[in-house]
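Note sheet for the following structure.
The values are calculated or read from the model by the stated rules, or taken from the named source; none is laboratory data. All values derive from a computational prediction rather than experimental measurement. Neighbour counts are summed over all protein chains in view; Cβ atoms, including those assigned to glycine, are modelled from backbone coordinates with ideal geometry. To get the accessible areas, we keep the full protein, side chains included, count just its heavy atoms, and leave off ligands, DNA and RNA. Shrake-Rupley method; radii C 1.70, N 1.55, O 1.52, S 1.80 Å.
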Amino acid sequence: MKQLHKLLNTAAIAGLFAITITGASAQNIPPSTPETYKGVVGKTLAESKEWWPKPIRVAPKGAPNIVWILLDDVGFGASGTFGGLISTPNFDTLANNGLRYTNFHTAGICAPTRSSLLTGRNHHYVHVGNFAHVSSAAGFPGYDARIPKDKGTIAEVLREDGYSTFAVGKWGVTPDEDTTDVGPFDRWPTGKGFDHHFGFLESATDQYNPPHLVEDNFHVKPDGRNLNEQITDKAIAYIDKAHKAAPGRPFFLYYAPAATHAPHQVAKEWSDLYKGKFDDGWDVYRQKVFENQKRLGYIPAYAKLPERNERIAEWNNLPADQRKLYARFMEVYAGYLTYIDNQVGRVITYLKQSGQFDNTLVFVMIGDNGASKEGSIHGTIKPSNSPLTTPEKDYIKNNEDELEKIGTPEASTNYPLGWAQAANTPFKYWKSDADAEGGTHNPLIIYYPKLIKEKGGIRTQYGHVSDIFPTTIQIAGLKYPEYINGVKQDTLQGKSLYNSLNDPKALTLHTTQYYYIFASRAIYKDGWKAEAAHHPDNVDYSFPAGKPKIERDYDKDVWKLYNLNEDFNERIDLAKKYPEKLKELKDAFDAEAKKNHIYPFIDRQDLNNKLIHHLENNN
């Protein structure tokens, strides 16, 4: 009997503490100070009066949950939601009950886009002018990959306002030197405002065996399933636990899957959905998508499809074996995109079932840049079959022999350049071509029926990835803080899209924007755009035998001029017709370059020759 009483008392005490801990978890009460304490302290409790400070970080009543979804390496013409031939039904539902933004832009490559998104500022301005890797970060203000503390992230702001904050998937803006088991961790997601993170810190990873998978500040082992399924499970688990612990506290989820960055790895049940669907080839795909986009109003009625890029062969002139090979690449890519749409659908379904979706603001950015040209001319399956060292004829034969491995865990799949151009319909060029709309023009969906009255509306205001931050803050009814963690904050550079949510004719507020990746560069200003491509690029380095060597010369980069108000996909070069306008925009680029720390120019040749990141210069 005594033992029973002891057990019951122990259980009661444990239950008391469990209730106390659970109740307290919904608040964040700061310590009192002699200056702020308002209670009475006597010798005994009877003579005293306890006092508690008000909880800090309490979100405004009715503040929405916020979900940011950022896909990787998806061109404007890939998803069915924006006229493509790849099924994305969950994105369709969000867009059909929200808004499609058809004039939205990214930075042109992953880390720059992500740094701009997270901070609401230009990528060079927050020191991420390139990747955060040792091969590409450089000891200059625009390139050292160390986001300053006075340029706080959206997660830091929302956590200050009482939100639970979670990130899953790709991060991409932690310097390589900081990714060890001992950190430092202040540039990991948990050091940039996120309560929890599960994913990877680098730019790309294997989908079944990611070598550097992390959760919070620890490296962990993958479980063998596709990584995108794992991050979706974690997203749901994080939200669910927070909701049960503090039902009234809103959450922020940054959902950044590896898809559809290479390696394209997805179960056959997904890729086989598209068996035979792309046998007509990339020329037919482009034409079909272009017609869809025009019919649905996603592109102007006057639009014309640009000519096929000179680097890409006409589909009908390819040998049958190559057509079979290339079609399989696209089947896998399409299955991969449909699969990640399905994973997003799992999150949405959970939010609906848990009663949280009705007050959830959702942004879907379909791509952090345009479709990738990193698969080179003929696509990639195994890294050992390299376009840098393997003769072109042998390269194609090797790929044909490995056709059945495309998309599997054993392969490192990326599709050929022709499919990348098709996925970028109606634009020219590709990821990392910051001079071209094909590198930077991505679809955006904003869903929030509590505020947005129109269902399925189209918005054509110019937008940039840095605009998502201030738009989010304004919709949520929050203010950007003067200080974060005691550090006075710099101003945001992005412009809110709020005025366009219920006014399709609202003025564009973001009127000037530079672009720069690997010395390909451009400037947008009031509907006009000046741009200069830079070579050599990564395709130029492929199959070098018999090719003339391309000599780098920044002064010989040819500047072109486009009036995007009348020529949205850059078909008619007006540089010779309006030289004064071109000079005006080139001067504007120079001014932006100086303000945002773009100089010095750093290109792929500098990276390949290892001319940067010499830490022996530390002093």
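If you count the DSSP beta bridges with both ends in the chain, what percent of them are antiparallel, to the nearest 5?
Here the antiparallel bridges make up roughly 55 percent for the chain.
Which of the aspartates and glutamates could a cross-linker bridge to Lys268, judged by Cα under 18 Å and excluding same-chain residues fewer than eight apart?
Hits, sequence-local ones excluded: Asp206, Glu229, Asp279, Glu331, Asp341, Glu402, Glu404, Glu410.
In whole Hz and in residue order, list the ³J(HN,Hα) couplings for the range 449-456 that follow from phi through the Karplus curve 6.51 cos²θ - 1.76 cosθ + 1.60, θ = phi - 60°; x for Gly and Pro.
x, 4, 10, 7, 7, 7, 9, x
What translational diffusion coefficient, to the nearest whole µm²/s, does the range 191-267 have by Stokes-Einstein, given a Kirkwood radius computed over alpha-carbon pairs, a temperature of 10 °C and 1.306 mPa s viscosity?
Numbers: Rh = 13.5 Å.
After rounding, the answer is 118 µm²/s.
With a 1.4 Å probe and all protein chains left in place, how much accessible area per residue does the chain have, in Å²?
Roughly 43 Å² per residue, with all protein chains present.
Per residue, what volume in Å³ does the Cα convex hull of the chain take up?
199 Å³
Using square roots of five times the C-alpha gyration tensor eigenvalues, list the equivalent-ellipsoid semi-axes of the range 70-174 in whole Å, biggest first. Write down the numbers at each step before the final one.
Numbers: eigenvalues 164, 70, 27 Å².
In descending order the semi-axes read 29, 19, 12 Å.
If you place +1 on the Cβ of every Lys and Arg, -1 on the Cβ of every Asp and Glu, and leave all else neutral, what size is the dipole of the range 461-527 about its Cα centre, to the nearest 20 Debye? Please list the in-between numbers first.
Details: 6 positive and 5 negative charges, 18 e Å.
In debye, rounded to 20, the range 461-527 gives about 80.
Two decimals is fine: what is log10 I(q)/I(0) at q = 0.17, 0.19, 0.26 Å⁻¹ for the range 234-324, from a Debye sum with one equal scatterer on every Cα and no solvent?
Debye intensities relative to I(0), on a log10 scale: -0.98, -1.07, -1.24.
Take the Cα gyration tensor of the range 458-589, multiply each eigenvalue by 5, square-root it, and list the three semi-axes largest first, rounded to whole angstrom. Intermediate values should be presented prior to the final figure.
Numbers: eigenvalues 244, 89, 41 Å².
Taking √(5λ) for each Cα gyration eigenvalue gives 35, 21, 14 Å.
Using θ = phi - 60° and the Karplus relation 6.51 cos²θ - 1.76 cosθ + 1.60, list the HN-Hα couplings for the range 72-88 in order, rounded to whole Hz, with x at every Gly or Pro.
10, 6, 10, x, 4, x, 8, 6, x, 5, 10, x, x, 9, 10, 5, 9
Which one, Leu388, Ala575, Ser164, projects farthest toward the positive side of the charge dipole computed for the chain from Cβ point charges (K/R +1, D/E -1)?
Toward the positive end, the furthest listed residue is Ser164.
Lysine pairs, Cα distance under 18 Å, 8 or more residues apart or cross-chain: how many in the range 102-233? It would help to have the intermediate numbers written out before the result.
Numbers: Lys149/Lys192; Lys151/Lys192; Lys170/Lys192; Lys170/Lys221.
Going through the range 102-233 pair by pair, I get 4.
Can you count the Lys pairs in the range 574-619 whose Cα atoms are under 27 Å apart, with each pair 8 or more apart or on different chains?
11
Between Glu482 and Asn359, what FRET efficiency follows from the Cβ-Cβ distance if R0 is 22 Å, with the result rounded to 0.05? Present the calculation step by step, with values, prior to reporting the outcome.
Working: r = 28 Å, r/R0 = 1.26.
The computed FRET efficiency comes out at 0.20.
Taking K and R as +1 and D and E as -1, what net charge do the other residues with C-beta under 15 Å from the C-beta of Thr390 add up to?
-1
Hey, what does the equivalent ellipsoid look like for the range 241-293, semi-axes from the Cα gyration tensor as sqrt of 5 times each eigenvalue, largest first, whole Å?
39, 17, 11
Along Cα→Cβ, 7 Å out, is where each label goes; now give me the distance between the ones at Ser386 and Lys455 in nm to one decimal.
5.5 nm
When the accessible area of the chain is split by element with a 1.4 Å probe, what percent falls to carbon and sulfur?
Numbers: 14440 of 26640 Å².
C and S fraction of accessible area: 54 percent.
Report, in degrees rounded to the nearest 10, the 0 to 90 angle that the Cα long axis of helix 110-119 makes with the longest principal axis of the chain.
40 degrees
Can you flag which of Lys382/Lys547; Lys234/Lys397; Lys244/Lys488 are past 31 Å Cα-Cα?
Lys234/Lys397; Lys244/Lys488
Before anything else, pin down the relative contact order of the chain: Cα pairs under 8 Å, at least 6 apart, normalised by residue count, whole percent.
Relative contact order, the chain: 21 percent.
Calculate one ³J(HN,Hα) per residue across the range 241-249 by plugging θ = phi - 60° into the Karplus curve 6.51 cos²θ - 1.76 cosθ + 1.60, and present them in order as whole Hz with x for glycine and proline.
Rounded to whole hertz, the list is 5, 5, 5, 6, 6, 8, x, x, 8.
If you put +1 on each Lys and Arg Cβ and -1 on each Asp and Glu Cβ, how big is the dipole of the chain around its Cα centre, in Debye rounded to 20?
In debye, rounded to 20, the chain gives about 1800.
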